[in-house]
Amino acid sequence: MAPRNVVLIGFMGAGKTEVGRALAGLLGFEAFDTDEMVAAEAGRAVPEVFATEGESGFRAREAEAVARASAGTGRVIACGGGAVLQLRNYAALREAGPIVYLRASPATLRARLGEGEGRPLLEGGRSFDRLLAARAPAYESAADHVVDTDEMSPEDAARRIVEMLG
């Protein structure tokens with residue numbers, strides 16, 4: 001039996017958006033991406049939201065997107081990297097369905113992110129290592145399941161999630 005929804009969490013570059021789309025296709029669910037929802041609602045890209053509203057403005061918009069995405073059923077919800085760190089988001093996501101942590105090694109994440117262009121939290125000399133170290137324990141504790149995406153295509157990761165959810 002398919003779950004009500006499936007929630008994907010993980011660090012930027014872990015593959016949440018692409019795996020989410022592939023998983024939604026396999027399950028016959030609708031794909032929701034909270035960063036895309038924020039951008040659509042704001043009428044501008046996420047880096048522009050950060051630039052004009054700051055991280056607090058972005059997080060407020062993100063909380064609204066999480067609440068909207070979590071309110072339905074038959075959804076794969078790909079969350080921004082920091083979404084699960086806010087208690088109100090975590091509570092909504094926990095209620096929405098099983099949480100799957102897409103984990104990737106620092107080397108894989110660095111390769112996927114390049115110079116961090118378009119990633120506001122990696123710009124301005126912010127430390128990739130510090131941010132990952134701060135977030136990884138939260139991802140681990142929030143997750144019902146973990147999928148290592150280092151050597152997997154989005155489709156392979158989606159199939160692995162389907163297997164895990166039984």
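The values are calculated or read from the model by the stated rules, or taken from the named source; none is laboratory data. Note that the structure is predicted; figures quoted are calculated from it, not measured. Using ideal geometry, Cβ is built from the backbone for each residue, glycine included, and neighbour counts are taken over all protein chains shown.
Against the condition part of a helix (DSSP H, G or I), closer than 16 Å to Tyr101 by Cβ and out of contact with any Phe, Trp or Tyr (no Cβ under 8 Å at 6 or more places or on another chain), how does Thr17 come out, does it pass? So Thr17 passes the test.
For the stretch 60-115, a tally of residues being modelled with pLDDT under 95, farther than 24 Å from Glu30 by Cβ and of a type outside the set (A, V, I, L, M, F, W, C) returns 7. For the stretch 68-87, the set of residues classified as among the aliphatic types (A, V, I, L, M) and exposed (fewer than 14 other Cβ atoms within 10 Å of the Cβ) consists of Ala71, Leu87, listed by residue number. Among residues of the stretch 61-76 that are without any contact (Cβ under 8 Å) to a residue 24 or more places away in the chain and in a helix (DSSP H, G or I), those with a Cβ under 7 angstrom from a residue that is surrounded by fewer than 17 Cβ atoms within 10 Å (Cβ to Cβ) and of a type outside the set (A, V, I, L, M), sequence gap 6+ or separate chain, pair up as Arg61/Glu41. Taking the numbered list (1) closer than 22 Å to Val147 by Cα; (2) among the small types (Gly, Ala, Ser); (3) in a helix (DSSP H, G or I) in turn, Gly80 passes all entries but (3). Could you please find all residues in the stretch 20-45 being outside any helix (DSSP H, G or I), touching a residue at least 12 places away in the same chain (Cβ under 8 Å) and not small (Gly, Ala, Ser)? Passing the criteria: Phe29, Glu30, Phe32, Asp33. Annotation: of all residues in the stretch 83-116 being of a type in the set (Gly, Ala, Ser) and touching a helix residue (DSSP H, G or I) at 6+ places or on another chain (Cβ under 7 Å), the one that is farthest from Leu131 (Cα to Cα) is Ala96. Take the conditions surrounded by 15 or more Cβ atoms within 10 Å (Cβ to Cβ), among the charged types (D, E, K, R) and closer than 30 Å to Gly166 by Cα and apply them to Glu18. Does it pass? Yes.
Listed by first and then second residue, the pairs with beta-carbon distance under 9 Å, at least 6 apart or on different chains, first residue in the stretch 145-166 and among the hydroxyl-bearing types (Ser, Thr, Tyr), second surrounded by 14 or more Cβ atoms within 10 Å (Cβ to Cβ) and in a strand (DSSP E or B), are Thr149/Leu102; Thr149/Arg103.
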